[in-house]
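Just so it is clear, none of the values below were taken in a lab; they were calculated from the coordinates. Quantities reported herein were computed from a predicted structural model and do not represent experimental measurements. Cβ coordinates were reconstructed from backbone atoms using ideal geometry, including for glycine residues, and neighbour counts include every protein chain displayed.
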Amino acid sequence: MSVIFILVNPAVPANVGAAARAINTMGFKELRLVNPCDHLSKEAKMLAHASHDILENAKVFNSLKDALQDIDFVIGTTARRRTVRNRFVLLNQLPEIIRSKGDTIHQTAIVFGSEESGLSNEDAALCHILSTVPMAIKYPSLNLSQAVMVYAYELSELAGKKTRKKSKKANTENWKALQSKSELLLHNLQITPENPIHSKLIERLALLGEDDISLLHVISGKVLGKLSYLGRGMMDWTWPGDLDNGIGTDLY
């Protein structure tokens, strides 16, 4: 299992350097940057003491969507309330949530917004869940590099954790297929992303463990198959090609 840290629109080179040092200290190695400041500047390298390799190997992207293309599970970080989300997972709950997913995820991303305003609503919508650090006071909030350090420390037990290779691919496809099937069901029930039910369901799915993911993957496939059998005219039916592969159909 890989835990990848992503900084979106970081504006202060010192923060990027300090973030690189923080994740390196806690045993993580991969940093991704979206529209960053000069992350290879003298200031950034000065703060990235003994962690220059993290900065130099950091992958740079134009958008968060691009940075997440190969990520299975996305955790956003926030310190502010958002009406579009119903639940914020506390930081100390994240290790167990990630562990419970077993081999259904291979790469997890922890996403941080800019120093000035944090994650935009658009970028937050790309995250499966949002997490927060409980604080005694709302202001001042944590500095970006401090927040990275806190998350890296809390998740350090997952650094370098291996998955079972023989089942990793199939189980990861189960998770991806469940997301696609759920979106398809919601679409055909005319439950749009603007409907609170939509966001609640997606959030709850993101909190499921490995066994529940496999079970719901099978059940949702049978529901969609039954609806298709009863009459394609009843549904706006588009079955993604990667779902029609029998994954998980013999699990239960």
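Values for this structure:
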quantity	calculated
Low-density loop cleavage sites - GluC sites (Glu not before Pro) in segment 105-145, where at most 14 other Cβ are within 10 Å (DSSP)	E116
Residue order, fewest to most surrounding Cβ atoms within 10 angstrom, among L178, L90	L90, L178
Using a Förster distance of 22 Å, the FRET efficiency for D70-I197 (Cβ separation, nearest 0.05)	0.15
Amide hydrogen neighbours beyond the local backbone of K101, cut-off 5 Å, H modeled	E210
Pair D38, A50: separation of 7 Å Cα→Cβ label points (nm)	2.7
Proximal charge balance of L64 [Cβ under 14 Å; K/R count +1, D/E count -1]	-1
Of K181/K222; K176/K200; K29/K59; K101/K200; K101/K176; K101/K138, those spanning more than 21 Å from alpha-carbon to alpha-carbon	K101/K138
Neighbour-count ranking [beta-carbon atoms within 10 angstrom, fewest first] of T192, T78	T192, T78
Geometric extent, Cα atoms of segment 2-158 - Rg, Dmax (angstrom)	14.4, 42
